[in-house]
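For reference, the structure is listed below as structure tokens.
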Amino acid sequence: MKALIIGCGRVGSTIALQLQKEGWEVTVIDENEDALSRLSENWPGRFLVGHGMDTDVLRDAGIEDADALVAATDGDNTNIVIGQVAQKRFGIQCVVARLLDPARAEFYAKRGMRIVCPTKIAIDELNTAVRECVIPPVVAG
């Protein structure tokens with residue numbers, strides 16, 4: 001299986017390393033060459049410096065042969081565009097985009113894009129956690 005990861009921050013680099021350990025062929029794209037340091041010293045995958053919205057960079061990275069693409073940059077707009085280009089222009093079936101804005105996440109999820117929204121996950125978990133708190137009754141004294 002071949003995966004293309006756009007963005008090599010904490011999220012993208014961790015996904016790349018995990019998929020690589022599972023036997024995937026992984027290519028990572030990031031605008032910052034220093035992001036390569038987030039991958040292991042002997043990174044066996046490919047790493048390209050460039051912008052994930054640049055179709056020439058995507059082609060150089062092997063998008064036409066990719067089985068999956070993860071858009072994990074720090075920009076919602078960037079991840080949306082990359083995801084749509086991967087799906088519509090290159091026909092990638094498994095496209096996952098990270099979006100921080102819950103409203104946008106819901107909007108694009110309803111239109112068929114696979115979205116992970118850490119903000120929504122945090123809201124749900126915090127709501128659950130606070131409701132599970134046992135608060136002792138106030139004793140009048």
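The values are calculated or read from the model by the stated rules, or taken from the named source; none is laboratory data. All values reported here derive from a predicted model rather than from experimental measurement. All Cβ positions, glycine included, derive from the backbone under ideal geometry; neighbour counts span all protein chains shown. Accessible surface areas use protein heavy atoms only, side chains included; no ligands, DNA or RNA. Shrake-Rupley method; radii C 1.70, N 1.55, O 1.52, S 1.80 Å.
Data for the structure
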quantity: Breaking point among (1) open to solvent by less than 30 Å² (accessible area, probe 1.4 Å); (2) more than 19 Å from Gly9 (Cα to Cα); (3) among the β-branched types (Val, Ile, Thr), for Ile121; calculated: (1)
quantity: Subset of the stretch 118-141 that is β-branched (Val, Ile, Thr) and in a loop (DSSP other than H, G, I, E, B) - its residue that is nearest to the chain's Cα centre (by Cα); calculated: Val134
quantity: Scan of the stretch 90-113 for residues that are open to solvent by 40 Å² or more (accessible area, probe 1.4 Å) and more than 26 Å from Gln20 (Cβ to Cβ), ordered by number; calculated: Asp101, Pro102, Ala103, Arg104, Glu106, Phe107, Tyr108, Ala109, Lys110, Arg111, Gly112
quantity: Which listed residue is modelled with pLDDT under 95 and open to solvent by 30 Å² or more (accessible area, probe 1.4 Å), from Val134, Val81, Val116, Val85; calculated: Val134
quantity: Residue in the stretch 39-62 that is out of contact with any Lys or Arg (no Cβ under 9 Å at 6 or more places or on another chain), under 19 Å from Val11 (Cβ atoms), open to solvent by 50 Å² or more (accessible area, probe 1.4 Å) and charged (D, E, K, R) present; calculated: yes
quantity: Segments classed as helices (runs of 4 or more DSSP H), wholly inside the stretch 1-110, with at least 2 members that are touching a residue at least 40 places away in the same chain (Cβ under 8 Å) and under 12 Å from the mean Cα position of the chain (by Cα); calculated: 10-21, 76-84
